[in-house]
């Protein structure tokens, strides 16, 4: 059977699209995510013939969140058109606003919806990137299907890491909140600093530890053609390393950006950024 999958991968975490491209019976297309829609696609953007939506909210790299009202619209549409719905909620513990909602809180109101939501805890609450400790919630049919394929699609978890992540979730909520608040402070600092230096934010992040920026039209007196072009010029000229997407570049706040403020400001101002 041929399957049509819609993802939040342009810009976004690329793995869902990569997996789709590997399967000969899957047709994949990215849902529209841009500055104009604030990186929140509309229910009507999902084709009625879609079989599966794989979304990622809070969104990497924009930091956009899913609100309760927005999730109700998506769930209602997917139930009406018999579309399975999955959300990668890896960054939910780093939500910087109470408006950030879970699919798991909304989807149970739609009994005929096939859905699931994934949670990845360790890499966020303790900077344990690569630990791959998580959990899945969802409708029984979706969970049963995941059980069939999971053992064939990953390497499993590491028990000591799983025990550590569970202990943190059960006994150190204060520590998790401290990490979240740290990232929020750094995000606000970097967005304000880079904005003052002429870089244009694509969206002010409401979750996570990434900032996303529109690539300028000119830097260092030269024309910029893409996010990649801008990223490589920044690396070559001033040593500022980002992750590029089509027309954007992402900068993280995993390090202490406040201590690097002078160097960061010098680098951005030296670039002489211009937008049309």
Checklist entry - What number goes with the only condition from (1) farther than 29 Å from residue 40 by Cβ; (2) within 24 Å of the chain's Cα centre (by Cα); (3) in the same structural domain as residue 267 (by TED's automatic domain parsing) that residue 150 does not pass? => result (3)
Item to check | One residue from 188, 231, 217 being closer than 23 Å to residue 40 by Cα and either outside the structural domain of residue 100 (by TED's automatic domain parsing) or over 21 Å from the mean Cα position of the chain (by Cα) (or both) | outcome: 188
Checklist entry - residue 97 fails exactly one of the following numbered conditions: (1) closer than 29 Å to residue 214 by Cα; (2) crowded, with 20+ Cβ neighbours inside 10 Å. What is the number of that condition? => result (2)
Checklist outcome for this item: Restricting region 98-128 to residues that are within 12 Å of residue 165 (Cα to Cα) and part of a helix (DSSP H, G or I), the one modelled with the lowest pLDDT turns out to be 123
Checklist entry - Restricting attention to region 263-276, which residues are surrounded by 16 or more Cβ atoms within 10 Å (Cβ to Cβ) and over 15 Å from residue 222 (Cα atoms)? => result 264, 267
Checklist entry - Within the bounds of region 30-40, is there any residue that is in contact with a strand residue (DSSP E or B) (Cβ under 6 Å, 6 or more places away or on another chain), touching a residue at least 40 places away in the same chain (Cβ under 8 Å) and more than 28 Å from residue 244 (Cα to Cα)? => result no
Checklist outcome for this item: Considering region 14-33, residues that are in contact with a helix residue (DSSP H, G or I) (Cβ under 7 Å, 6 or more places away or on another chain) and part of a loop (DSSP other than H, G, I, E, B), and then whichever is surrounded by the fewest Cβ atoms within 10 Å (Cβ to Cβ), we arrive at 32
Checklist outcome for this item: Counting only residues in region 64-94 that are within 18 Å of the chain's Cα centre (by Cα) and part of a helix (DSSP H, G or I), the one surrounded by the most Cβ atoms within 10 Å (Cβ to Cβ) is identified as 74
Item to check | Residue check, residue 138 under 20 Å from residue 19 (Cβ atoms), modelled with pLDDT under 80 and within 23 Å of the chain's Cα centre (by Cα) | outcome: no
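The values are calculated or read from the model by the stated rules, or taken from the named source; none is laboratory data. Given the structure is predicted, the values throughout are model-derived calculations rather than measurements. When we count neighbours, we look across all protein chains shown, and the Cβ atoms used for this are built from the backbone with ideal geometry, even at glycine.
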